[in-house]
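What follows is calculated from the coordinates using simple rules that are stated; it is not laboratory data. This structure is a prediction, so every number in the text was calculated from the model and none was measured. Please note: Cβ atoms are built from the backbone with ideal geometry, for glycine as well, and neighbour counts cover all protein chains shown.
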Amino acid sequence: MDYLQKIRSSVAAQVHSVAAQVNLALPGNPILREYTVGQQFASAGPGLCWKIFSATRNSTRQDVAVWIFEKKQMENWLKVKREEFPEVLKRGVSQLTRLMHPRILRVERALEESRDCFAFCTEPVFASLANCFNDFGNMPSTPKCLKDFSLESIEIRHGLFQLSEALAFLHNDTKMVHSNISPSSIIINKKGDWKLASFDFCIVGVVSTQDKVIFEIPNWSRNSISALCPDLDYVSPELVQGDTFDYSSDIFSLGMLAITCFNKGKSIMESQNSFACYRKMFENLRHSIPSILQNKNVPEELQEALSKCLNPAPEQRLPVIQFTKLKYFEHPLVKTLNFLDSRNALDVSQKIQFFKSLPNIIPQFPLRVQLQKIYPHLAGEFGTPILIPFILESVFIIVENCNSEEFVEEIMPSLVSVFPIQTPYQIGLLLLNKVDLFLKKMPTTSLKQHLIPLIFNSLSNESTKIQELCLMELPRLVKYIDREQMHTQFLPKLLRMVLEAKENKIRIETIACLSKLLNNLEPWMVADQLLPSLPKVNSKDPGVLMAVLDLYKLIFENDRFGISKEQCAKSVIPFLVSTSIEASLNLSNFNQFIDFIHCLLDKMTAEHKHYLGKLSASQEEQREVNNFIDYLNNGKVLEEIVSNEGSPIKQQQTAAGVSMDLGDLDFLVGGGTTKKNE
């Protein structure tokens, strides 16, 4: 039995070891190790099978979107479908990864497969268009940002234009038909751009000997599992029927998608991905397109174009290039957004002219468009300081329109990068003019971290306008300055400005600023830093001198500070007396100086008399000095004088003797060099 037990234990140990090796050999998905994955916020792809999560790359802290397909979603599918569908997804992601275009969703990390999931990474995403149409399939809950969500007309207008550009790229440059233009394949990124994704059912054409592009008819399964074929609500009739097709199939899908956008996210087909239902509904649809366009809130200027896009005959449909040139897309707001999209191709002078006119246009955009589509482009130019003064006015318009939460999340992280920039000086000037706005929008920690350093650095700016603004705003911001900052940074800098500023106006305003800050200073700051600096003021300007006098008065009258009798006697009164007779001061100025000097003298006299009166009798006796002649007459001085041999000198009692000994005393202490009379 013991032998069997040993065998059993040995086998169990080996099994455990093998299991451990298998776990090491089959780790989790590599993407989930390379990225810190947050909450799911969107879904997309065929049947909304992809879950989209916010994520950050561990090595670079770059924000991305992680797309995850969990294989357990296929548990109840037929085996043939479980084998087929992963290949469809892998093909779609592979195509997406290879395509590089501003209107195609950008892949940041290629697809990785593990035992339980597929995963890949893209640029940051806001949502799929299906999610924006209140389709939250494969999601745990409705994201906060999509509750009561509806697209603005300018978002639809610009979004359709961006999709048409994506299709123009596919048709003209890659000879590809997407064949699944639908809300689940359209991704809205963090900047509000509509981007094409989900190339799972795309078809690449083959150029024939006659230079004609030929597309192979797809063999879609008609199984009830919807994810194994495109969304039939948007597929062209020739594709559903298995007929010959070309690029015009995507144009039909684009037209159907456009109507859905104007129809509050509801498709006019509702085929439930049934081929039989599709054919029946399309027969009813083909005869009622004009009335549908009128009843579904489609703009009149777009109705004729969409009617052509939805023509049952593929050859009668509008080519994608013509679609991009529709008058519908010539709207001034669309042109503005397109200009921003193409800004990298412009030179500095062109950008300056555009940014000068932008503040007049921005108020016409909805706030979400301002935050998503406009501000990111403005922030993208913060790396070019010469453009920043022309950009900030537009930025401030957006800041005023948004709430504090939107400001902190969408604007502040990039805007604060502008705060340390000193050149051109107009940057600081514009920022300082908006201190009120920052006080309303920024949290206290951010004010201390970003706004206070801006004020401190701007005090050294060569522009007097900027210095004046700083001095004006500083008293309002003092509550955000801690004691150490005031002691080591602000107070020394302000005192240097009082002593060294080139313009008397700045000196006066700095002294006025110090006067307003006085109640926020510690007594030791006033005693150790402020009072010792004022006598060093070297100016004859009456404005500066009177400002110094007023500051002295405020300190003198403040119960927390005051001026000690030692400071009065050794520095303050001597400085005020010498300053009072400056030729630049008039009689009124002189009288103010003299009146204050008398106040100081009276205070100093009263304090010192009180101090002396409190001395003990013994201390007073030690300080009493008798008449020197009395000492001499009593012979006491001579007893304290020692001869060169250390023996006492004989006392002389006569008046003549007194005079003679005074001469000896002077000679001994070095008081004179005259020889004695022999």
- Task: Please report the Cα spread of the chain along all three principal axes, rounded to whole Å, starting with the longest.
- Result: 150, 93, 46
- Links exceeding 27 Å between C-alpha atoms in this model, out of K493/K516; K190/K465; K516/K609; K195/K351; K264/K440, come to K190/K465; K516/K609; K264/K440
- Please tell me which of these pairs span more than 28 angstrom C-alpha to C-alpha: K51/K191; K327/K356; K147/K448; K79/K212; K175/K296? K147/K448; K79/K212; K175/K296
- Item | Gain in span if fully extended, D541 to L387, counting 0.36 nm per residue against the direct Cα distance | 51.4 nm
- Dipole-positive endmost among G543, H450, L392 within the range 336-559 (Cβ charges, Cα centre): G543
- For an R0 of 30 angstrom, estimate the FRET efficiency from the Cβ-Cβ distance between A583 and K553 and round to the nearest 0.05. 0.85
- Evaluate E = 1/(1 + (r/R0)^6) for S94 and S141, where r is the Cβ-Cβ distance and R0 equals 45 Å; express this FRET efficiency to the nearest 0.05. 0.90
- Simple spin-label estimate for D436/S307, 7 Å along Cα→Cβ, in nm, reads 5.4
- Message: If you filter the range 477-562 for trypsin sites (Lys or Arg not before Pro), then keep DSSP loop positions with at most 11 other Cβ within 10 Å, what is left?
- Response: K502, R560
- Message: Please list, by residue number, everything in the range 47-85 whose backbone N is under 19 Å from a paramagnetic label point 7 Å out along Cα→Cβ of Q272.
- Response: 47-48
- Query: Setting aside same-chain residues fewer than 8 positions from K479, which aspartates and glutamates have a Cα under 14 Å from its Cα?
  - Reply: E522
- Note on the structure: So, relative contact order of the chain in percent, Cα under 8 Å, 6 or more apart, is 7
